[in-house]
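Data first, discussion second: the structure below is written as structure tokens.
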Amino acid sequence: MDEKYLVVNAGSSSLKFTLYAMPSEKEIVNGSVEKIGKSDSYYTLKFNGKKIEKLQLIDDHTTAVKCMLNILLQNEFIKEIEEIKGVGNRILHGGEFYKESVVIDDNVMNNLNSLIKLGPTHIPAQIAGIMAIKKVLPNIDQVAVFDTTFHKTIPKENYLYAVPYSWYEENNVRKYGFHGISHEYITNIMKKRFNNENINLIICHVGSGVSLSCIKNGKSYDTSMGLTPLDGVIMGTRSGSIDNSIISYISNERNLSIEEIDNILNKKSGLLGIAGQNDFRDLEQQAGFGDERSKLAIKMLENSIIKFIAQYYFELEGKIDAIVFTAGIGENASSLREDIVMSLSNVMNVKLNKDINDNIARFKKYQSGVITTEDSAFEILVIPTNEEFMILKDTYNILKTKNKVQFQKKLKI
Ligand code: AMP
């Protein structure tokens, strides 16, 4: 018989959630509480093709969790709170502590607190989400699923920075990589598609955050994000990789502290820094009206992605099974995909199937598909990511194992 599991993705001012039935893997409902702490906070619910949106004053994460449970009860997705058998939480950073997902206890909470310095914009909200659930549902098991664990297979020569080795040994300075839940989801789909566990892929997760990963023999071999999600490709508001000397130079020139510069590189750079917009739909619209900065920002993003594809093509010695586009921009922006595939076409012997590419987006005829022609050297595909589903699977498997062990201990098997 099915049991209900909740997946939670807490942000600084939002709480996204999906309720699933397991083991049937059926999504029952998903929703979000938005603008937590603001006067115009609201919640949304999506189920059976319907969408409900309602204003509701929500002061903090605990109120958001209460709101989430109330709407699940009111709309009869659950009859009583005890029906929820476990909660899976998306966590940005596992640092050197976690190479797998883990059941959350006091020790895990202490470790998460010590990781805040590596994820100051994400981890405090994620801790607030866990605490709020603990307050309202003290007896429920919660699992932490990390965005870093999939990248644990990256070899040392690819995860080390060329800085004093003691920074790695004593301060854990290394590349961890992020969006691992998404990269793993896509890798698993592609393994099934090609019936090959040892697949070689380049995965382009292009959303507000952007990261590319190089999958060699079915495992993460390299990725574009680093110690934090600031590194790598240009993003909505993050700079991606820059010359580090810019930090001391601009600190002197503009009398800015390291913290101020860090904040600007994370929140006011990237597409926003160049064009004044970070939403790709707005950028495309402005570019369509002839706005030069918007055109420039889009070109810079495309070039930045192409550079990593080229690097990974060589890391895979040209033996590629497929390139995959996913996440908000990757799944929807056919023009960006077209520009990138056209740039790759001569060197990599791939040809765009323009008709199919033009028709893939969440709101178009197809939501996924192969965007290259049959005579291409390898496939380039669009596949929607589903991070919630990955979190669900890990949460379910871990809690099932835990409960089995406890049951066997009780019976002294
Ligand atoms: P994500 O972080 O994966 O939710 O992706 C967010 C990004 O996807 C934003 O920059 C959006 O503008 C972009 N996006 C969403 N829908 C579309 C669309 N239909 N066309 C172009 N970009 C889109």
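Values quoted throughout were computed directly from the atomic coordinates according to the rules given, and no laboratory measurement underlies them. Predicted model, so just to flag it, every value in this text is computed and none were measured. Cβ coordinates were reconstructed from backbone atoms using ideal geometry, including for glycine residues, and neighbour counts include every protein chain displayed.
How high is the relative contact order of the stretch 235-370, given as a whole-number percent (alpha carbon pairs under 8 Å, six or more residues apart)?
Values: 118 pairs, mean separation 21.7, N = 136.
Relative CO of the stretch 235-370 lands at 16 percent.
As a rough guide to protection, the peptides 34-41, 3-10 ranked by mean Cβ packing within 10 Å, highest first, stand as 3-10, 34-41.
Check each of the GluC sites (Glu not before Pro) in the stretch 149-197 and keep only those in coil by DSSP with at most 13 other C-beta atoms within 10 angstrom; list them in order.
Loop-located and lightly packed - E197.
By the scheme Lys and Arg +1, Asp and Glu -1, what is the net charge of all other residues having a beta-carbon under 10 Å from that of Q285? Here the count lands on -3.
Per-peptide packing, taken as the mean over residues of other Cβ atoms within 10 Å, places 210-216, 256-262 in the sequence 210-216, 256-262 from highest down. Once C-alpha pairs closer than 8 Å and six or more residues apart are averaged by separation and normalised to the residue number of the chain, the relative contact order reads 13 percent.
Structural descriptor for the stretch 357-413: relative contact order 19 percent, calculated from alpha carbon pairs under 8 angstrom and at least 6 residues apart. With a Förster radius of 56 Å applied to the beta-carbon distance between K156 and K364, the computed FRET efficiency rounds to 0.85. Of the trypsin sites (Lys or Arg not before Pro) found in the stretch 284-350, the ones in coil according to DSSP and having at most 15 other Cβ atoms within 10 Å of their Cβ are K319. Among the GluC sites (Glu not before Pro) in the stretch 334-413, those placed in a DSSP loop whose Cβ has at most 15 other Cβ atoms within 10 Å are E374. Of N332, N244, N196, the residue with the greatest mean-square motion in the GNM of the chain, using alpha carbon springs below 10 Å, is N244. Distance between the modelled labels on K38 and D2, one decimal in nanometres: 3.4 nm (7 Å Cα→Cβ projection). Sorted on the mean count of surrounding Cβ atoms within 10 Å across their residues, most packed first, peptides 98-104, 249-255, 227-233 read 227-233, 98-104, 249-255. For K299, the aspartates and glutamates whose Cα falls under 20 Å of its own Cα, not counting residues fewer than eight places away in the same chain, are D231, D243, D279, D282, E284, D291, E331, E338, D339, D358. For the cross-link pairs K46/K402; K219/K400; K99/K191, which exceed 24 Å when the distance is taken from alpha carbon to alpha carbon? K46/K402; K219/K400, as the Cα separations exceed 24 Å there.
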